[in-house]
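Student: This structure is in structure tokens; I'll ask about it shortly.
Laboratory data are not the source of any read-out in this text; all were calculated from the coordinates shown. Please read all numbers here as calculations on a predicted model, not as lab measurements. Because the Cβ atoms are built from the backbone with ideal geometry, glycine has one as well, and the counts that use them run over all protein chains shown.
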Amino acid sequence: MSSKWRSMSRAGVVAAGLVSGATANMAAADTANDAPAAEDAVGLQEITVTARRREESLHDTPVAITALNTAVLEAKNAVNIGDLQGSMPNVLITQQPAGAAAANISIRGLTFADIEKSFDPTVGIVVDGVFLGTNTGQYLNFFDIAALEVLRGPQGTLFGRNTIGGVINVTRSRPTGEWGGKVEVSYGSFDTSTERGVFNAPLVKDVLALKLFAFNTKTGGFYRDAITGSRTAGSQNQQFGAALLFTPSSRFDALLTVEKMVQYFQPVGGTLVSSSELFGEVLLGAGLANEVDRNNTTDLYTVFRNPLAPQASGHYNAPAATLTMNLDTGPVKLTSVTGYRSSDEDQVQPFDGTSLGLYIAHRIQPFHQFSQEVRASGNATESLDYVVGAYYYDGVYTLTQFTDLFGGGYGLPQIVSGESRSLAGFVDFDWAFIDRWRLNFGGRYTHDYKSLNNTASVGGVETFLGAPSASFGKFTPKASVDYRPNSDIMYYASYSVGYRSGGFSNRSADAFTTNHAFEPETVDSAEIGVKSEWFDKRLSVNADYFDAKYKNMQQNTTIPGGATGNETVVSNVGSAVVRGLEVEATGRATQNLTLNASVGTLSSHFNGFVVNQVLPGQLVSSPTDYSKNNLIYNPTLTAAASGAYTLPTSFGDVRANVSYRHIASYDLQISLGPYSQPGGPGTLALVNGNDPRMRAPAEDRVDASITGDFTIANAKSHVTIYGRNLTDSRVPTNAFTVAGLFSFGYGGEPRSFGVTLGVEF
């Protein structure tokens with residue numbers, strides 16, 4: 001039996017156990033006391049989603065989707081998007097400290113872990129209908145979130161652009177039009193304090209409503225400075241803004257949100273340099289053997305710095321505005337979503353993480369994006385409804401980077417600017433063509449334009465390397481069919497094509513790579529699934545199996561060229577196949593106890609991944625085959641289980657939550673591990689896996705919280721005591737090796753505790 005099918009079989013056994021265990025508990029509850037059970041039986045809450053730009057029940061949506069509302073997020077004690085890491089099948093979300101508020105997100109093994117703004121995200125983050133054009137700014141906080149939907153698989157037909165892996169659709173609360181609000185304050189480990197507040201007011205009753213919101217969190221960081229022993233990597237994040245809701249009639253509404261995110265941070269990480277790398281040889285020569293050949297788990301949490309070198313610092317300033325308008329004419333509903341986001345980044349980071357300060361980058365980067373989407377939706381007939389629309393996106397950035405190499409001070413900067421424009425039209429139909437059968441079909445045509453302007457230091461001389469531009473286009477269809485034998489079960493099958501634009505690499509260090517575009521990548525994804533409800537809607541079980549074929553893959557590759565002899569650019573490297581099984585179960589075991597469980601498996605491999613590069617110790621380039629390497633952020637298994645119990649008391653409810661997450665080991669970067677080259681330099685080299693330092697070990701994480709609800713002066717209040725990562729799992733969230741020079745990584749948050757006080761009025 002192949003490893004793929006062994007993995008699938010294990011997941012099937014686990015899933016069957018979860019379902020059978022949950023159904024047995026339900027049956028036992030019913031038979032133990034028939035009359036009280038009937039009275040106490042409370043079905044699962046109906047969840048409405050907008051995954052297909054229509055409001056419909058989660059149970060009726062033929063898409064692999066996990067939907068979380070405010071209550072669920074609060075039960076998980078989720079502070080930011082990273083707290084969802086591993087809690088859904090085949091979904092990984094980690095912070096990327098090399099960029100401001102940046103996230104690495106993988107759905108079904110599809111990701112692109114890079115902060116550069118010349119590259120498009122693989123997974124789309126959509127906030128109030130606006131697609132975020134870069135990984136920077138995607139690491140969102142979770143206060144004032146009304147709903148969050150995680151759509152797995154290509155979603156390019158209806159959601160923005162470049163959603164080849166999936167979409168995380170975030171909807172914030174709307175102004176209520178009534179006086180009220182909520183405030184929370186928290187304090188926890190690592191001297192972490194948080195203040196959050198929302199205030200609602202009716203400016204003109206039933207016509208104009210106002211919402212004010214603010215968020216502030218400050219932490220001392222969980223890394224240790226090797227010199228002083230004190231904590232480092234502190235940060236402060238702030239977000240504040242206002243929303244105005246205008247409802248002059250029942251047929252029209254307009255929501256304007258203006259906001260700003262500000263972040264101050266120390267972007268430090270741990271050194272993973274080996275004795276075989278150039279920086280490792282320098283460190284050994286300086287008598288700093290303790291900074292060489294360190295592990296990628298516990299050692300990551302101790303950082304080294306050069307007191308005489310520029311110190312790590314970062315500042316991120318990002319204002320934004322969103323205007324959403326809806327007009328219901330009766331036959332047709334018209335929607336317009338206008339989004340503007342801007343950011344200024346100024347970041348100094350010693351990437352090598354050593355006390356010699358051998359590689360320090362000072363990056364200054366302004367960016368702005370504008371997007372406009374218009375949609376029309378309605379019913380063409382009683383059995384046929386539609387969504388049709390158009391989308392425009394424009395993003396512009398400039399990166400000025402000064403680099404201090406080997407402590408020689410900043411030289412001439414590299415100045416790179418670029419623009420990304422996209423124009424698309426889309427249509428989506430839902431046709432109930434036979435009783436109990438429904439066909440969904442549609443597509444999107446996308447036209448992209450990319451440009452780059454690159455000036456860099458070549459031999460100590462500021463040199464213009466080129467100003468290339470290119471256009472790309474693709475039609476991406478999607479079709480699905482679903483069947484409902486009864487009101488509790490739906491079977492579905494779907495096929496979709498995902499597309500991610502080509503472009504240029506702003507890390508290019510010579511004229512050839514500057515002017516050479518990488519081509520678009522696509523994925524053909526087929527999926528079958530079932531959604532079911534049992535025991536008077538007290539148990540929900542959803543499952544799916546998918547098969548995705550990834551073509552013309554974009555990957556960071558190290559090739560000959562540049563000032564150091566090697567440069568890292570994006571290339572099209574061949575194809576890959578990703579398959580997996582996903583199961584989610586939610587059950588209301590009793591009126592006060594809710595249980596959740598999920599399992600996801602991944603089986604993936606490359607095909608034809610061959611690039612030319614200069615191998616260590618050689619002077620000529622060699623074709624190098626990486627086909628045996630693992631895809632990054634592809635754990636073979638993700639599993640989660642949680643329980644929420646509510647105990648009514650005389651003063652209020654006491655709510656307890658506990659969750660467990662398992663994430664199998666996965667690789668963090670396509671890199672050069674052990675290899676063989678039977679024919680000698682210049683001939684084909686066979687790589688037998690990624691660098692083991694670039695691998696996150698398996699992780700088992702337990703989180704828990706207990707909340708007491710009570711009333712103070714007629715205001716609903718609560719106190720929560722929480723513990724996160726109680727198993728104190730210490731694993732890298734990101735790791736990089738740079739062209740045989742050095743390697744570094746970042747660790748996830750260790751075990752932490754805290755207390756939160758909240759008031760709602």
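Student: May I ask you to order 448-454, 715-721 by the average number of other C-beta atoms within 10 Å around their residues, highest value first?
Tutor: Output ranking for 448-454, 715-721: 448-454, 715-721.
Student: Moving on to the next point. Mind pulling the angle between the C-alpha long axis of helix 3-32 and the longest principal axis of the chain? Nearest 10 degrees, somewhere in 0 to 90.
Tutor: 30
Student: Using the crude model of +1 on Lys and Arg Cβ and -1 on Asp and Glu Cβ, and no other charge, please compute the dipole size for the chain relative to its Cα centre, in debye to 20.
Tutor: It works out to roughly 380 debye.
Student: Once label points are set 7 Å from the Cα along Cα→Cβ at both T649 and R436, what is their separation, rounded to one decimal in nm?
Tutor: 5.1
Student: Roughly speaking, what is the centre-to-centre gap between segment 604-662 and segment 288-333 when only Cα atoms are used, to the nearest Å?
Tutor: 19
Student: Same structure again: Tell me, what is the FRET efficiency for E419 and Y483 to the nearest 0.05, using R0 = 45 angstrom and their Cβ-Cβ distance as r?
Tutor: 0.45
Student: Listed highest first by mean packing, meaning other Cβ atoms within 10 Å per residue, what order do 538-551, 253-266, 496-509 come in?
Tutor: Peptide ranking by packing, descending: 496-509, 538-551, 253-266.
Student: Could you work out how far apart the two model spin labels at K549 and L619 are, taking each label as a point 7 Å from the Cα in the direction of the beta carbon, and quote it in nm?
Tutor: Using points 7 Å along Cα→Cβ, the separation is 4.5 nm.
Student: Filter K211/K450; K478/K551; K333/K531 down to the pairs with a C-alpha to C-alpha distance above 27 Å, please.
Tutor: K211/K450; K333/K531
Student: What ranking, highest mean first, results for peptides 326-336, 419-429, 145-155 when packing means the other Cβ atoms within 10 Å averaged over each residue?
Tutor: Working: 326-336: 13.9, 419-429: 18.8, 145-155: 23.6.
In descending order of packing, they fall as 145-155, 419-429, 326-336.
Student: Next question. List the relative contact order of the chain as a percent without decimals, with contacts defined as Cα pairs under 8 Å and 6+ residues apart.
Tutor: 11
Student: Over segment 483-524, calculate the relative contact order: mean separation of alpha carbon pairs under 8 Å at least 6 apart, over the residue count, as a percent.
Tutor: Relative contact order, segment 483-524: 40 percent.
Student: Looking only at segment 300-325, which residues have a backbone nitrogen under 20 Å from a spot 7 Å from the Cα of K218 in the C-beta direction?
Tutor: The answer is 312-318, whose backbone nitrogens lie closer than 20 Å to the label point.
Student: Contour minus end-to-end for D253 and L384, with contour as 0.36 nm per residue of separation and end-to-end as the Cα-Cα distance?
Tutor: 44.6 nm
Student: In the set (1) 0.90; (2) 1.21; (3) 0.95, which value of Cα Rg over 2.2 N^0.38 Å was calculated from the structure you see?
Tutor: After the calculation, the listed value that fits is (3).
Student: Right, another one. What full-extension length gain, to one decimal in nm, is calculated for V427 and N326 as 0.36 nm per residue of separation minus the Cα-Cα distance?
Tutor: Extra length available between V427 and N326 comes to 34.5 nm.
Student: Further question: Set the Förster distance to 22 Å, then compute FRET efficiency between D60 and L334 from the Cβ-Cβ distance, nearest 0.05.
Tutor: Using R0 = 22 Å, I get an efficiency of 0.35.
Student: Where Rh is the Kirkwood radius over the Cα pairs of segment 266-323, the temperature 20 °C and the viscosity 1.002 mPa s, what D in µm²/s does Stokes-Einstein return? Let's see the in-between values first.
Tutor: Values: Rh = 13.8 Å.
Answer, rounded: 155 µm²/s.
Student: Counting only helical runs of four or more DSSP H residues, what would the 222 nm mean residue ellipticity of the chain come to if each run contributes -39,500 (n - 2.57) and the total is spread over all its residues?
Tutor: -2000 deg cm²/dmol
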